[in-house]
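The values are calculated or read from the model by the stated rules, or taken from the named source; none is laboratory data. A quick note: this is a predicted structure, and the numbers were derived from the prediction, not measured. Every residue, glycine as well, gets a Cβ built from its backbone with ideal geometry; the counts of neighbours run over all protein chains shown. Note: areas computed on protein heavy atoms with side chains; ligands, DNA, RNA excluded. Shrake-Rupley method; radii C 1.70, N 1.55, O 1.52, S 1.80 Å.
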Amino acid sequence: GQQVMQIPQYQHVQEGEDFTTYCNSSTTLSNIQWYKQRPGGHPVFLIQLVKSGEVKKQKRLTFQFGEAKKNSSLHITATQTTDVGTYFCGNAGGTSYGKLTFGQGTILTVHP
Amino acid sequence: DAGVTQSPTHLIKTRGQQVTLRCSPKSGHDTVSWYQQALGQGPQFIFQYYEEEERQRGNFPDRFSGHQFPNYSSELNVNALLLGDSALYLCASSFGPTNTGELFFGEGSRLTVL
């Protein structure tokens, strides 16, 4: 997959505040996947976006894929302490099917 | 339905030693990929196995090798361990080598090299 950059690296929020992490690429992406890794845990798949301008929602989580398919975002509304963890975006496909290239991740801390 | 299982969960080795990590894919999956995750970093692709052959390889030296068995389980071997090999090693399974969908990760094997 193509290289992806993620920002911010860290985000500290108070419980109830919103949170957004961004994933950017200099090239067009065939798809974007988002994973969550709890502290001490392993990456768990959240969602995959494939279409230009796609928006998907999972309860308090909203995922977007940019019109140019070069960026994506994950937005969490009204964070809870259970949202704590590292959120990774990743790209699979292009000439490297089955190989997922991850961003550096955004570490989310939620203060009660 | 068993998910991806890895063993051992933790291990400590010294520089120069060799290590073997094991992975059983999720039921119904036939493709296994290995990732290295250093502390504070995203997982880095090591290689992928399908039909008992290495299909793709990331930017890792030949000290990293693997194997896939007829039952689809897989091993990751690392020779001549370096301090920098200390990391969480994740196994991921999927169906088919060209699958661009969801990867199922195991809990990982945390390797510490002293």
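Go through the range B:91-114 and report how many residues are in a strand (DSSP E or B) and either more than 7 Å from chain A (Cβ to nearest Cβ) or in contact with a Ser or Thr (Cβ under 6 Å, 6 or more places away or on another chain) (or both).
Taking the range B:91-114 first, the residues in a strand (DSSP E or B) are B:91-94, B:104-105, B:109-113.
Cutting the leftovers down to either more than 7 Å from chain A (Cβ to nearest Cβ) or in contact with a Ser or Thr (Cβ under 6 Å, 6 or more places away or on another chain) (or both) gives us B:91-94, B:104, B:109-113.
So the answer is 10.
Would a scan of the range B:49-68 turn up a residue that is within 15 Å of B:Leu103 (Cα to Cα), among the polar types (S, T, N, Q), at pLDDT below 95 and open to solvent by less than 50 Å² (accessible area, probe 1.4 Å)? Talk me through it step by step, then tell me what you get.
Taking the range B:49-68 and keeping what is within 15 Å of B:Leu103 (Cα to Cα), we get B:49-50.
Applying the additional criterion that residues be among the polar types (S, T, N, Q) yields none.
Scanning the range B:49-68, I find no residue that is within 15 Å of B:Leu103 (Cα to Cα), among the polar types (S, T, N, Q), at pLDDT below 95 and open to solvent by less than 50 Å² (accessible area, probe 1.4 Å), so the answer is no.
Scanning the range B:72-90 for residues that are part of a loop (DSSP other than H, G, I, E, B) and either closer than 13 Å to B:Lys26 by Cα or charged (D, E, K, R) (or both), which turns out least open to solvent (accessible area, probe 1.4 Å)? Walk me through how you get there before you give the answer.
Filtering the range B:72-90 for residues part of a loop (DSSP other than H, G, I, E, B) gives B:72-73, B:79-82, B:86.
Checking which are either closer than 13 Å to B:Lys26 by Cα or charged (D, E, K, R) (or both) leaves us with B:72-73.
Details: B:Tyr72: 107, B:Ser73: 20 Å².
By that ranking, first place goes to B:Ser73.
Taking the criterion of being free of Cβ contacts under 8 Å to residues at least 60 places away in the same chain, of a type outside the set (Ser, Thr, Tyr) and over 21 Å from B:Cys91 (Cβ atoms), would at least one residue in the range A:96-112 satisfy it? Spell out the reasoning first.
Within the range A:96-112, the subset free of Cβ contacts under 8 Å to residues at least 60 places away in the same chain is A:97-98.
Applying the additional criterion that residues be of a type outside the set (Ser, Thr, Tyr) yields A:98.
From what is left, the residues that are over 21 Å from B:Cys91 (Cβ atoms) are none.
Scanning the range A:96-112, I find no residue that is free of Cβ contacts under 8 Å to residues at least 60 places away in the same chain, of a type outside the set (Ser, Thr, Tyr) and over 21 Å from B:Cys91 (Cβ atoms), so the answer is no.
Any idea how many residues of the range A:1-23 are under 28 Å from A:Val110 (Cβ atoms) and in a loop (DSSP other than H, G, I, E, B)?
If we filter the range A:1-23 for residues that are under 28 Å from A:Val110 (Cβ atoms), which is where we start, we get A:4-23.
Those left that are additionally in a loop (DSSP other than H, G, I, E, B): A:4, A:8-9, A:15-18.
Residues in the range A:1-23 being under 28 Å from A:Val110 (Cβ atoms) and in a loop (DSSP other than H, G, I, E, B): 7 in total.
Any chance the range A:66-89 includes a residue that's within 25 Å of B:Ser33 (Cα to Cα) and more than 10 Å from the chain's Cα centre (by Cα)?
yes
State all residues of the range A:89-112 that are more than 10 Å from every other protein chain (Cβ to nearest Cβ) and at pLDDT 95 or above; if no residue qualifies, say none.
Hits for the range A:89-112 are A:Thr106, A:Leu108, A:Thr109, A:Val110, A:His111.
Evaluate the following for B:Gln44: is it at pLDDT 95 or above and either away from chain A (no Cβ under 13 Å) or surrounded by 17 or more Cβ atoms within 10 Å (Cβ to Cβ) (or both)? It would help to see each step written out before you state the result.
Details: at pLDDT 95 or above: yes; either away from chain A (no Cβ under 13 Å) or surrounded by 17 or more Cβ atoms within 10 Å (Cβ to Cβ) (or both): yes.
The answer is yes for B:Gln44.
So which residues in the range A:17-38 are away from every other protein chain (no Cβ under 12 Å), over 13 Å from the mean Cα position of the chain (by Cα) and under 16 Å from A:Gly85 (Cα atoms), if there are any at all?
Answer for the range A:17-38, where residues must be away from every other protein chain (no Cβ under 12 Å), over 13 Å from the mean Cα position of the chain (by Cα) and under 16 Å from A:Gly85 (Cα atoms): A:Glu17, A:Asp18.
Condition check: modelled with pLDDT of 95 or more, touching a strand residue (DSSP E or B) at 6+ places or on another chain (Cβ under 8 Å), more than 14 Å from chain B (Cβ to nearest Cβ) and open to solvent by 10 Å² or more (accessible area, probe 1.4 Å). Does A:Thr86 satisfy that?
Details: modelled with pLDDT of 95 or more: yes; touching a strand residue (DSSP E or B) at 6+ places or on another chain (Cβ under 8 Å): yes; more than 14 Å from chain B (Cβ to nearest Cβ): no; open to solvent by 10 Å² or more (accessible area, probe 1.4 Å): yes.
Criteria not met by A:Thr86.
If you go through the range A:54-69 one residue at a time, do you hit one that is touching a residue at least 40 places away in the same chain (Cβ under 8 Å) and open to solvent by 20 Å² or more (accessible area, probe 1.4 Å)? Show your work before the answer.
Filtering the range A:54-69 down to residues touching a residue at least 40 places away in the same chain (Cβ under 8 Å) leaves A:68-69.
Now restrict to residues that are open to solvent by 20 Å² or more (accessible area, probe 1.4 Å): A:68-69.
Checked against the condition, which is being touching a residue at least 40 places away in the same chain (Cβ under 8 Å) and open to solvent by 20 Å² or more (accessible area, probe 1.4 Å), the range A:54-69 yields at least one hit.
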